[in-house]
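Worksheet: one structure, shown below.
Any read-out appearing in this document is the output of simple, stated calculations on the displayed coordinates, not a laboratory observation. Everything quoted here is computed from the prediction, not taken from an experiment. As a convention, Cβ positions derive from the backbone with ideal geometry for all residues, glycine included, and neighbour counts pool all protein chains shown.
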Amino acid sequence: MHSPFDSDSLQFFPLSPNFPEGFNGYILRGATVQSYSSGTGAIIIQSFIRPEFSIQFGIFRFLSVIRMMVGRADAGADSLLTLRGNIQVYAGRERQTLRAGAFSFCKPEEETISLRFGDGGDQQILEVSWSAEILQEALAFFPSLQDLFADGGTARPSSPLLLPGRRAGNQALDLVSTILKSPFTVEQTELFFQYKVREYLLVLLKEASLDPSTSLFLTNREISVLADLKERLIMNPQTKYPIRRLALEAGMNTMRLKLAFKQQYGETIFSFHLGERMKEAHRLIAETDLPTKAVARKVGYELTTSFITKFREFFGYPPSQVKKKR
């Protein structure tokens, strides 16, 4: 987490390195403190930052709207867990809500992700970050989730969160309580946290993998892009569509585009495109007098033999058996 600022004036709050007077909440052992207190509210951020991981616990009680950046640009991944209140997460023009008791993962790059607070209530959030090495070590046990951290965890999708907010289970919440109530000395807590953040990552990945609704969160822009792509495949089945070019046009990495299309329409881009080519070929054969060679060209095949093979594989019979419609 970085210094919070007022959303209207864009002025950063002057933070003190001490707890506000009378503070009696959780104390993250060994962490640095940044706080601000006034008649309109209070901010308390506790940070335990190491090269391999970081733990940050934020408490916000504010009447006006404030925002702050989150995430480490050098992290393999970040997790956000809302312990109290609902928090809005922004990345560019995209916005999502992380509700109380929910967690998700994000992939910040150059501090592009921000949180919005300020409904007059008490809002608390825990942010834990892991290095790419720790993330990949844990992901080896969850192959079904590896695509959510596309390109080895270095590419960030356009949406703020990699997953829709998931309800944190008791195991995750118990771990959070243990971290915030470390029974050890400051010196011992260093080693304690090294183990606990790894355990916490494993628990979150397990909860995400066990959820049958595990899926990519698609923004409105991405859904629109996918719909346009689908229409192009239908209207121009003869065109070749290299996946790299499509991903560049869509503003996604190739893995996310492929997963998003399959999630949205139930089949891969290649499979959908092939189906449209074959259906158009079948229509041309049935409704026109074009020879097979000409039909093959119209649906993008240079070799007639390759077209006939694909047609037979798709329909179970060759083009010559299609009955003409009169």
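A few points about this structure:
- Amide H partners (placed H, <5 Å) of GLY30, local residues excluded: none
- Here the spin labels are modelled as points 7 Å beyond Cα on the Cα-Cβ line, and at THR288 and LEU202 they lie 6.2 nm apart.
- Of LYS262/LYS298; LYS240/LYS298; LYS230/LYS258; LYS206/LYS258; LYS262/LYS310; LYS206/LYS262, pairs whose Cα-Cα distance is over 18 Å: LYS262/LYS298; LYS206/LYS258; LYS262/LYS310; LYS206/LYS262
- By the count of neighbouring beta-carbon atoms within 10 Å, fewest first, ARG283, ARG61 end up ordered ARG283, ARG61.
- Amide H contacts under 5 Å for SER16: SER35, TYR36, restricted to partners 5 or more places along the chain or on a different chain, H placed in the peptide plane at 1.01 Å from N.
- A simple rule links phi to the HN-Hα coupling: the Karplus curve 6.51 cos²θ - 1.76 cosθ + 1.60 with θ = phi - 60°, which for region 238-247 gives 7, 7, 8, 10, x, 4, 5, 5, 4, 5 Hz, with x for Gly and Pro.
- A cut-off of 5 Å between modelled amide H atoms, ignoring neighbours fewer than 5 places along the same chain, links GLY101 with THR82, LEU83, ARG84.
- Ranked list, fewest to most other Cβ atoms within 10 Å of each Cβ, for ILE59, ILE179: ILE59, ILE179
- Per-residue HN-Hα couplings for region 225-235 [Karplus 6.51, -1.76, 1.60; θ = phi - 60°; Hz; x = Gly/Pro]: 4, 5, 5, 5, 5, 4, 5, 5, 5, 6, 6
- For region 220-321, radius of gyration divided by Kirkwood radius, i.e. Rg to Rh on alpha-carbons: 1.03
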